Amino acid sequence: MARPPLVGVLALQGDFAAHEAILAALGATASEVRTPADLAGVDALVIPGGESTTMTLGVEREGLAGPIRALAAEKPVLGTCAGLIMLDQKHLGVLDVVAERNAFGRQVRSFEADLDVHGVNGPVRAVFIRAPWVASYGPDVEVLAEVDGHPVAVRQGRVLAVAFHPELTGDTRIHRLLLDA
Ligand code: GLN
């Protein structure tokens, strides 16, 4: 039998443990990434939700920006919430999007919604916590879901980013998109 996919989860800050649980439920092996060496051999990478300023400092401190960009050129990547921000043009530059941080309002607009996500069968219960949205995007970016006309799930090639937290609801379908990419 083929070995299960090895999925790196950026574990500098944020809710990486919740992603590890979902990946385990899908039969994948999750492996915490804190240094460039931790990226060796991973088949895909998840960048979790958390706080993008703190995460950016950690990425710089550990010299992870170049290695993550190189990985994203070849392998599937999923960013959720702060992870979407990390992938945008102003941060890692992996996705041709500009994210607007705390776009729904700082505290008040933490909310849940049932979202139609292109490529996923049936509504996705989406938890938004001080979430970004995509303010602008380039021609290679496919919008998979919107809230009030603002993109909250996008895909560019094998790189997938969502403004919400699929790792918090026990729903494995968004992570399944990553493993299928
Ligand atoms: N507001 C956070 C940031 O800008 C993201 C919030 C989240 O990941 N839940 O980094």
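The values are calculated or read from the model by the stated rules, or taken from the named source; none is laboratory data. Just so you know, these numbers come straight off a predicted model, no measurement behind them. Cβ: placed from backbone, ideal geometry, glycine included. Neighbour counts: every protein chain shown. The area values use the complete protein model at the heavy-atom level, side chains included, leaving out ligands, DNA and RNA. Shrake-Rupley method; radii C 1.70, N 1.55, O 1.52, S 1.80 Å.
The table for this structure:
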{"item": "Index of the failed condition, Val77 passing every other in (1) in contact (Cβ under 8 Å) with a residue 40 or more places away in the chain; (2) more than 24 Å from Leu177 (Cα to Cα)", "result": "(2)"}
{"item": "Meets criteria (more than 16 Å from the ligand (Cβ to nearest atom) and in contact with a helix residue (DSSP H, G or I) (Cβ under 7 Å, 6 or more places away or on another chain)) for Val117", "result": "no"}
{"item": "Residue satisfying condition, being more than 12 Å from the ligand (Cβ to nearest atom), at pLDDT 95 or above and more than 16 Å from Leu168 (Cβ to Cβ), within set Ala25, Ala21, Ala40, Ala17", "result": "Ala40"}
{"item": "Only listed residue being part of a loop (DSSP other than H, G, I, E, B) and farther than 14 Å from His175 by Cα, chosen from Leu92, Leu84", "result": "Leu92"}
{"item": "All positions within the stretch 147-181 that are closer than 15 Å to Asp114 by Cβ, touching a strand residue (DSSP E or B) at 6+ places or on another chain (Cβ under 6 Å) and more than 16 Å from the ligand (Cβ to nearest atom)", "result": "none"}
{"item": "Qualifying residue in the stretch 44-63 (condition: more than 16 Å from the ligand (Cβ to nearest atom), open to solvent by less than 20 Å² (accessible area, probe 1.4 Å), part of a helix (DSSP H, G or I) and under 15 Å from Gly14 (Cβ atoms))", "result": "no"}
{"item": "Output for the stretch 153-170, where each listed residue is touching a residue at least 60 places away in the same chain (Cβ under 8 Å) and either open to solvent by 30 Å² or more (accessible area, probe 1.4 Å) or of a type in the set (Phe, Trp, Tyr) (or both)", "result": "Gln156, Arg158, Phe164, Leu168, Gly170"}
